[in-house]
Amino acid sequence: MKDNVVLDRSLDFAVRIVRLCHYLNESKREFVLSKELLISGTNIGKHVKAAVGAENRETFITEFGVARRRAYETEYWLLVLLHGGIVSEAEFASIAKDRLELVKIISSIVSSARNN
């Protein structure tokens, strides 16, 4: 892609989530929470892609709003994994930072779209 920052970032984040879930399945034998994390973490990019291809402004805003909600849901599952002792603080901090940056970008897009 390389011409759309939010698409690139959401794709990179989805790949990180997939790798983390694979690690959780293979190394930690954790399947239930990792499935929830996989769904929410990859759905961010799915909704960003849908927003970019939206046919109207309302759909654009709605899809980015859903992407932002999925990012917050992803944070929840990451926190459950952290507080449950399944991932370390270092593992959590790295991916949580990327998630927060993505939320900031998406929130800025939603705010700009609503104000225009």
| said: Can you confirm whether VAL80 is in a helix (DSSP H, G or I), among the aliphatic types (A, V, I, L, M) and without any contact (Cβ under 8 Å) to a residue 40 or more places away in the chain? | reply: no
| query | Does GLU30 satisfy the criteria of being more than 16 Å from VAL103 (Cα to Cα), surrounded by fewer than 14 Cβ atoms within 10 Å (Cβ to Cβ) and either small (Gly, Ala, Ser) or modelled with pLDDT of 95 or more (or both)? | reply | no
| field | Scan of region 21-49 for residues that are touching a Phe, Trp or Tyr at 6+ places or on another chain (Cβ under 9 Å) and among the small types (Gly, Ala, Ser), ordered by number | value | SER34, SER40, GLY41, GLY45
| task | Would you be able to say whether some residue in region 30-53 is aromatic (Phe, Trp, Tyr) and either in contact with a Gly (Cβ under 9 Å, 6 or more places away or on another chain) or under 23 Å from ASP8 (Cα atoms) (or both)? | result | no
| Looking at region 12-27, which of the residues that are of a type outside the set (S, T, N, Q) and surrounded by fewer than 17 Cβ atoms within 10 Å (Cβ to Cβ) is nearest to GLY85 (Cα to Cα)? | TYR23
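Listed residues LEU100, LEU81; which is surrounded by 17 or more Cβ atoms within 10 Å (Cβ to Cβ) and closer than 17 Å to SER40 by Cβ? Walk me through how you get there before you give the answer.
Values: LEU100 fails: surrounded by 17 or more Cβ atoms within 10 Å (Cβ to Cβ).
Only one candidate passes the filter, namely LEU81.
Here is a yes/no grid of residues against (1) in a loop (DSSP other than H, G, I, E, B); (2) farther than 20 Å from SER94 by Cα; (3) of a type in the set (A, V, I, L, M):
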| position | (1), (2), (3) |
| --- | --- |
| VAL18 | no, no, yes |
| SER40 | no, no, no |
| VAL48 | no, yes, yes |
| GLU55 | yes, yes, no |
| THR59 | no, yes, no |
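The values are calculated or read from the model by the stated rules, or taken from the named source; none is laboratory data. The shown structure was predicted, so the numbers you read here are calculated from the model rather than taken from an experiment. We place every Cβ from the backbone using ideal geometry, glycine too, and count neighbours over all the protein chains shown.
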